[in-house]
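Worksheet: the structure to be examined is printed underneath.
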Amino acid sequence: MAIPPPNFNRPAALVPGGIPRPGGIPARPPGAAIPPRPGTSALPPSTQALPTVATSTSALHPPGPAAQRSTAAQPDAAQEFVMQFKKQLLPYLVQALDPKLLERGNEASLKKRIEELVDERLTVDKVPIGRQLRIKLLGDIIDEMVGFGPLEQLLKDDTITEIMVNGHQTIYTEQKGRLTLSPIKFLDVESCRRVIDKILSPLGRRVDESSPLCDARLPDGSRVNVIIPPLALNGPVITIRKFSKSPLTMEKLIGFKALSQSMAMFLKACVHCTLNILISGGTGSGKTTMLNALSSYIPDGERIVTIEDAAELSLQQNHVVRLESKPKNIEGKGEVSIRELVRNSLRMRPDRIVIGECRGGEALDMIQAMNTGHDGSLTTIHANSPRDSIARLETLVMMAGMELPQLAIRQQIASAVNLIVQISRLADGSRKCVFITEVQGMEGNMVTLQDIFKYEQTGINPEGRLIGITRGLGIVPKCQTKFNANELNIPVEIYQSVLHHNNPGYP
């Protein structure tokens, strides 16, 4: 006798215990024994009354073209089945699994045991499930128990650069500079909170009502920001800036036309000659990507100290010391700020100091370091233009609380910073280096700047992508003297070069 397919549009029936069932399908009476599968042991008594979800093979395989057209506005039955079955199965797995398997390092054994238990449940309940749907169900359950739940699928997709969870039912992703709504969602708020705990607990961090926001990172280096109610009104919010498995090198950025060959040649010489470089740009413009690419030009024999809020830089040199700030503990103590790490790094005999981002009083310590023999330092700052980055840096120095005259601050900045690299995210979502600007010094009470290279938009192609040119402005920078002194063959012709950008910047 064929089992009728579940109708997920009918009101859900309630089994004893109040667990909703799709399609009004009755459950096995409470307390009824579940016969063990041949060759396996009986299930734990406490889980024998677990509600089951029955369905038919026809409901679990994709419908034909006509059916697809007629049900386009309805929820996908297979996806709904996976969500309902997974929701009912997870509490059972928590009880049935050996707690030792949940410890770190037992992932392989845990996955095998989960597969056995899921197959056992499908067999006992005689669920006629197709092979593809069984693989999806197993994958979703393993992700929920071992990985980061539904985010695991998005993290494995290399085309996704950013993941934004706005409450447990809404997830947006960024691909090629465009935001799209993902069909993937969490089971419930508790599932979302479990994933947050999985992210934060290995780092010794937490979020709760007393401390409802936190910065963290994933094991692969991806940057994570978490904020929960009462600050987030629509539920937990998770923002993940994915870490590229193959970092974007300068060669790749040139291939994407994010900057020209002449720009790259110039920047390589600047890093080699230990110029202090400030990378400026808006949120999500690619500042950290450029910082990683520039750091690859630092010679191997130098001692590099990196300082970050959440470690995400990936330097390829051998002699790298990585420092990460520490938030307050549950008692409100134990905080170690970026500023303290910058001051401490000066006692660590660094050849180069690389600060992930200047966003507070550490800007003063960084400028003092640049002015006291630690040349070749790199950092990033949030600003929309080279001129704005100087004003922003000036404001950050004032945040150090050192009551310095404005003129003295500007003089310190003018002598410390040699070069500003401005990165922008353009209207079509592409990211480009739009200015390379040299700090010339002081003129009166103003810091003087001189653009060396500039990107100019000239049009839009039929696909909606911007077209433009990167040009040298014909001015030989002051640092050319330093290039010549170090016998670097940088021809002055690069400062007059023009590159047409028919290829959009990197996504």
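Rule-based calculations on the coordinates, nothing more; no lab input. Here the structure is a predicted model, which means the values were calculated and not measured. Quick reminder, even Gly has a Cβ in these numbers, built from the backbone with ideal geometry, and neighbours come from all protein chains shown.
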> How about the range 307-361: which GluC sites (Glu not before Pro) there are in a DSSP loop, with at most 11 other Cβ atoms within 10 Å of their Cβ?
Replying inline: 331, 335
> For residue 454, which lysines qualify as cross-link partners when the Cα separation must be under 18 Å and same-chain residues fewer than eight apart are set aside?
Replying inline: 257, 268, 287, 432, 478
> So what's the net charge close to residue 151: Lys and Arg +1, Asp and Glu -1, counting the other residues with Cβ under 11 Å from its Cβ?
Replying inline: 0
> What are the trypsin sites (Lys or Arg not before Pro) within the range 267-322 that DSSP puts in a loop, where the Cβ has at most 16 other Cβ atoms within 10 Å?
Replying inline: 303
>> What whole-number volume per residue, in cubic angstrom, does the convex hull of the C-alpha atoms of the range 362-478 give?
In response: 112
> Evaluated at 25 °C with a viscosity of 0.890 mPa s, what Stokes-Einstein diffusion coefficient in µm²/s does the range 190-235 have when Rh comes from the Kirkwood expression over alpha-carbon pairs?
Replying inline: 226
>> About the Cα centre, and with charges only on the beta carbon of Lys, Arg (+1) and Asp, Glu (-1), how big is the dipole of the range 245-335? Nearest 20 debye, please.
In response: 180
>> Using only alpha-carbon positions, what ratio does the radius of gyration of the range 226-296 give when scaled by 2.2 N^0.38 Å?
In response: 1.51
>> Given the options 247, 216, 228, identify the residue whose Cα lies farthest towards the positive end of the charge dipole of the range 209-292 (+1 on Cβ of Lys, Arg; -1 on Cβ of Asp, Glu).
In response: 247
>> To make sure I understand the rule: partners must be lysines, Cα under 26 Å from the Cα of residue 185, and not fewer than 8 residues away in the same chain. Which ones qualify?
In response: 86, 87, 111, 112, 136, 156, 176, 198, 242, 245
> Taking the Cα atoms of the range 276-372, what is the range of coordinates along each of the three principal axes, in descending order and whole Å?
Replying inline: 43, 32, 25
> Contour minus end-to-end for residue 210 and residue 94, with contour as 0.36 nm per residue of separation and end-to-end as the Cα-Cα distance?
Replying inline: 38.9 nm
